[in-house]
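The values are calculated or read from the model by the stated rules, or taken from the named source; none is laboratory data. Just so you know, these numbers come straight off a predicted model, no measurement behind them. So basically every Cβ, Gly included, is an ideal-geometry build from the backbone, and we count neighbours across all protein chains shown. Heavy atoms of the whole protein, side chains included, go into the accessibility calculation; ligands, DNA and RNA do not. Shrake-Rupley method; radii C 1.70, N 1.55, O 1.52, S 1.80 Å.
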Amino acid sequence: MAIRQPVVSVLGHVDHGKTKLLDAIRGTSIQSAEAGAITQHIGATEVPIEYIYKACGPLIGKKKFSVPGLLFIDTPGHHSFITLRARGGSLADIAVLVIDIREGIMPQTVESIKILKQYKTPYVIALNKIDTVQGWISGANKPFALSEKIQQKHTIAAFNEKLYSIIGDLSAHGISADRYDRIDDFTKAVALVPISAKEGIGIPDLLLVLIGLAQRFLESQLKKVEGPGKGTILEIKEEKGLGKTLDVILYDGIMRRGDTVALGTKNSPIITKIKAILKPKLLTQRDIKDKFESVKELHAAASVKLSCQNMEGVIVGAPIRIMNNENDPIIEEMTEESSIKIEVQDQGITIKADAIGSLEALAYEAKAAKIPIKKYSVGEISRRDIVETAAFTDPMSRVLLAFNIDISKEIETEATSIGVKLFSNQIIYRLIEEYQEWLKDVKKAKEDDQRTGMAFPAKFTILPNCVFHMAKPAIIGVRVTAGKIRANLGLIKFDGSDAGKIRSIRDGEEVLKSASQGDEVAVAIDGVTVGRQINVEDTIYVELLESNIKKIQETDLSEDEKICLQEYLSIKRRQDRFWGM
C-alpha cells in the first residue's frame, strides 16, 4: 500500500524554541541540489526519507520505512497550525510540542495540550535546550542517544532532575510521559525526546520517533489516494506580478493545472479554475524577478501556492477540493466542513480569529472560562463588526476579542468612539486573561459605585480602652471585622436593638470616607450612649434595607461579607421568619 508523508505541526510556549527546531531540522541542506535534500516549500518544510536515513544512520542501521518522509508546516504568523482543520479534525497528522527544559510547563504549553486533546492529534514532546544543563558537552548534530554517553555523572544527574520534574508536572496535567527510549507501549505514554535545537543534538532521535510512530500508528490514514485533491488553505497573500494567491497544504489526492476547484468561504464554497500551481525555485535556479516555477500537477502530501480565477471571500483555514463535475456532492461536504459550530448566547461578547480552527480554539477556551459568546466570524475586523457589537444591549457585552488579527488604528479609534472594548493577542490564554482582568476591574468599579448608594453587609467590634466620648456623639475605637463601613449608615446590635447611626470615621486627625475589614479607626455614632445602648466588645452590624437583600445576594461578596449577611438575616428573622425572602 502506497502511503503519503504525514503533516507535522510544531507548537509550544513562546521562546521555547519552535522556530529554532525547524531551523535545526532544515539545517544547511535546504534547497541544495543534492538528491534527497530537504526542501522548503510554501509554508512547509519537506524532509524526505533519504535524508532521515542519512541523519539517523547511527540509530537505525539498515532499517527501512514505507513512509516517504515528513512534511513540517512552518508558515510564520499562526499561533498553532494544529488549529488548521482537515477531514473534520486537525490538518496535522502528528504534532511536536516543544518544552524548554529550564522553564518546564508554561501557560501556553497547557493551552497547546488542550488544543491537541481537542483535535485528538497524536504528539511527541521535544524537550529543548538540554545544552543549557550545567556541564553539558555539546556535539553538533549528534543523536541524543550518543550525546548522553559522553556526559559526566553530575551533568546526567542535573539533567535527570529536570527531566523527572517535567514528567511529574505533565502527570499533574493527566499526561503519562517518558523518555522515548524507555517506552514499551507508545499508545499509553507520550514520547519525550531530549534535544538542543541550537546545537542540533537529538534531532535525529526526534525524526526517527516521528517516522516510526507514523509508520506504526498512522499508516491507514496516510494511505495514498489517486483521486481528486483535498487540501486546507494556509494563507492568502498578494504576490508581486501574481496578485492574490493561496498557500495550500494538499493532504490527499492530486491537483492539476486547469482543474475545477471549490474554495471554502464563510458561506457556500465558490467554484473556480486553477490558473497556476506554483512552487518556489531552488536558490541555485532562482531569478530575482521570478521566485516561482509553475508545475502541471501535484501529489499529496505537499505544500503549494495557487493562482485561481476567482478567490473572492475565501478564508484561511477553509477547505479546498478538486471537483469531478458541477453536481459533485463535495459542495455539501465543504459547506459542512467550512461551517463553524460555536455555541452562542443571547447575551455575550464578539470573537474573531484569523482562521476557522483558530476561532474554534478561542471559542473552546472562552467556554472553559465561562465567557458567553453572542457573535463570531473569521477574518479582519471590519467597521460592521464594531457597529454590531456596539449595538448589544448589555454594556458588559460590548467587547470584541481578536485572536491573531492585526487591528488598524482606524478600527481602534472607531471602537473607542462608540464604546466597544477591543482586545487583541496572538496567544489565546493571554487574550482570555486580559478580558477577565478588565471585566473584574469594571465589575469592581460598578460595585464600588453601587455600594456608595446603598448599605452592604459589614460589622465592627468596639475595642477595649478606646472610649473617647460617652455620648452626643459617642466616639469609640473599633476594628472592622467584615465588609466596609462609612458615614450615615444605620447600626444594630446582635440582639436586633438599635445601635445609632455613624456620623463620621477618623484615623487620627484624618477624616475617612470609609473603613474596610481589618482597619482600626475611631467612629462617631449618633443616638447612643456607651454603657447603655452599646458596650465595649459589642459586635455592631450595619443596618440593611429588606428591599435590597436580593440585590446584595446577587453581588460578588467576599466570604466574610457572606457570613456577615447570614448573621444579619438570622438577627432579623428572629422577629420575622420571612424577612428578606
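Hey, if you drop one equal point scatterer on each alpha-carbon of segment 199-338 and run the Debye formula without solvent, what base-10 log of I(q)/I(0) do you get at q = 0.10, 0.12, 0.19 Å⁻¹? For segment 199-338, the Cα-only Debye profile gives -0.40, -0.56, -1.10.
Three principal axis extents of segment 395-518 based on alpha-carbon atoms, in descending order, are 66, 31, 27 Å. Here the accessible area is traced with a 1.4 Å probe on the protein chains. For segment 68-215, carbon and sulfur cover 52 percent of it. When the Cα convex hull of segment 249-401 is projected onto planes of every orientation, the mean area is 12.0 nm².
With contributions of -39500 (n - 2.57) from each DSSP H run of at least four residues, the per-residue ellipticity at 222 nm computed over the chain stands at -8000 deg cm²/dmol. Accessible area of His469 (1.4 Å probe, protein heavy atoms only, ligands and nucleic acids ignored): about 90 Å². Computed over segment 469-567, the P(r) curve from all C-alpha pair distances, binned at 10 Å from the origin, holds 15, 49, 30, 6 percent per bin. In percent, rounded to a whole number, the relative contact order of the chain is 10, using alpha-carbon pairs under 8 Å and six or more apart. Of the Cα atoms belonging to the chain, the radius of gyration and Dmax stand at 32.5, 101 Å. On a per residue basis, segment 341-472 carries 52 Å² of accessible surface, using protein heavy atoms and a 1.4 Å probe. With bins 10 Å wide starting at 0, give me the P(r) of segment 516-581 over every alpha carbon pair, in whole percents. Calculated over all Cα pairs of segment 516-581, the distribution is 15, 42, 35, 7 percent. At an R0 of 41 angstrom, the distance between the Cβ atoms of Lys550 and Lys120 translates into a FRET efficiency of 0.35. Taking the inverse of the mean reciprocal distance over all distinct Cα pairs, the Kirkwood hydrodynamic radius of segment 372-452 comes to 13.5 Å.
For segment 112-207, the fraction of C-alpha pairs more than 14 angstrom apart is 67%. The phi torsions of segment 388-399, fed into the Karplus equation with coefficients 6.51, -1.76 and 1.60 and a -60° offset, translate into couplings of 5, 5, 5, 7, 4, 5, 7, x, 6, 9, 7, 9 Hz, rounded to whole numbers, with Gly and Pro shown as x. In this structure the amide hydrogen of Val190, modeled in the peptide plane, comes within under 5 Å of the amide hydrogens of Ser176, Ala177, Asp178, none closer than 5 places in sequence on its chain. Note on Ile563 and Lys153: their simple-model spin labels are 5.5 nm apart, each label 7 Å out from Cα toward Cβ.
From the mean inverse distance of alpha carbon pairs (Kirkwood) and the Cα radius of gyration, derive Rg over Rh for segment 143-256.
Checking Rg against Rh, the ratio lands at 1.14.
Scanning residues 5 or more positions from Asp74 or on other chains, those with amide H under 5 Å from its amide H are Ala44, Thr45, with H placed 1.01 Å from N in the peptide plane. For segment 482-522, the Cα gyration tensor yields ellipsoid semi-axes of 20, 12, 8 Å (square root of five times each eigenvalue, largest first, whole Å). Rounded to the nearest Hz, the phi-derived 3J(HN,Hα) couplings of segment 458-468 under the Karplus curve 6.51 cos²θ - 1.76 cosθ + 1.60 (θ = phi - 60°) are 7, 8, 9, 10, 6, 7, x, 6, 10, 9, 9, where x marks glycine and proline.
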